[in-house]
Amino acid sequence: MKPAIAEGHVVTIHYKLTLDDGSIADQSFGGDPLVYLHGAQNIVPGLERQLAGKQIGDKFDCQVPAGEGYGEYDPAAEQSVPRSQFPPNVDVQVGRAFQTRARNGQPMTVFVREVTADTVTITANHPMAGQRLNFAVEVLDVRRATPEEKKHGHAHGPGGHHHH
Ligand code: ZN
C-alpha cells in the first residue's frame, strides 16, 4: 500500500511556482527535486496543507493565497537607510537578502526593495509577499521520517540536510 502524505513523513516533490502575472518564480523540474519533512513547516503552509493525503505519483495544480504563502505585504516593515551604511564592496541589488538583527536581538532576513543613489529601501517582507502562488506539483516519493529527522525538524539524506 502506498503511504499517504501526513505528519512525520519525508516527501520528495517536483514543483513549478508561477505567479499571477505568468512568470515562473521557481521550479525544480529539470533539476534536483525538493525533499522536505511534512508537518515541520519546511515549506509554505498552504502548499503543505494541500499536499496532505497525496501519494507517490500524484500530480496536481494548486493555488495558495498570500496569507498561506509568503504572507501579506506589510508596508510598515519597510525602512530606508543611507546607501553609505552598506560597505562599498557590497553589491546592493533589488531582491538581495541580508542577514540582520531585529530589535529583540533575533536574527532576521531583510530584502532590498528599492535602490537609489543615496538610499536603500529594505523590507522584512519576503519578495513574494502579497502574491498568490500557483503550484504545479508531482509527488515522487513518500517515506516515514526517522526519529532523528523528526527531532531535527528536517529531512536527511539525498536532497535533505547533511551534517558533518
Ligand atoms: Zn538534521
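No lab work stands behind these numbers, since they all come straight from the coordinates. Predicted model, so just to flag it, every value in this text is computed and none were measured. Please note: Cβ atoms are built from the backbone with ideal geometry, for glycine as well, and neighbour counts cover all protein chains shown.
I need the fraction of alpha carbon pairs in segment 1-100 separated by more than 25 Å, rounded to a whole percent. Could the numbers behind the result be given before it?
On the way: 1907 of 4950 pairs.
Every Cα pair in segment 1-100 considered, those over 25 Å come to 39 percent.
Note on K2: aspartates and glutamates with a C-alpha under 19 Å away, same-chain residues under 8 apart excluded, are E48, D58, E138, D141.
Dividing the convex hull volume of the alpha-carbon atoms in segment 119-164 by its residue count gives 186 Å³ per residue.
Amide H contacts of A6: G53, each under 5 Å away and 5 or more positions distant or on a separate chain (H built 1.01 Å from N in the peptide plane; Pro and chain starts excluded).
Quick one: length gained pulling Q27 to T121 fully straight, 0.36 nm per residue minus the C-alpha distance?
In short, 31.0 nm is gained.
Computed over the alpha carbons of segment 75-123, Rg followed by Dmax gives 10.7, 30 Å.
Please get the size of the charge dipole for the chain, origin at its Cα centre, with Cβ charges of +1 on Lys and Arg and -1 on Asp and Glu, quoted in debye to the nearest 20.
440
Springs join every pair of Cα atoms under 10 Å in this Gaussian network model of the chain, and among T121, T100, T109 the largest mean-square fluctuation is at T100. Largest GNM mean-square fluctuation across D32, D74, D21, computed for the chain with C-alpha springs under 10 Å, falls on D21. Taking P33, P75, P45 as the candidate residues, the one with maximal mean-square fluctuation in a Gaussian network model of the chain, Cα springs under 10 Å, is P75. If R₀ is 35 angstrom, what is the calculated FRET efficiency for the pair A97 and A6, using the beta carbon separation as r and rounding to 0.05? Efficiency computed from Cβ-Cβ geometry: 0.65.
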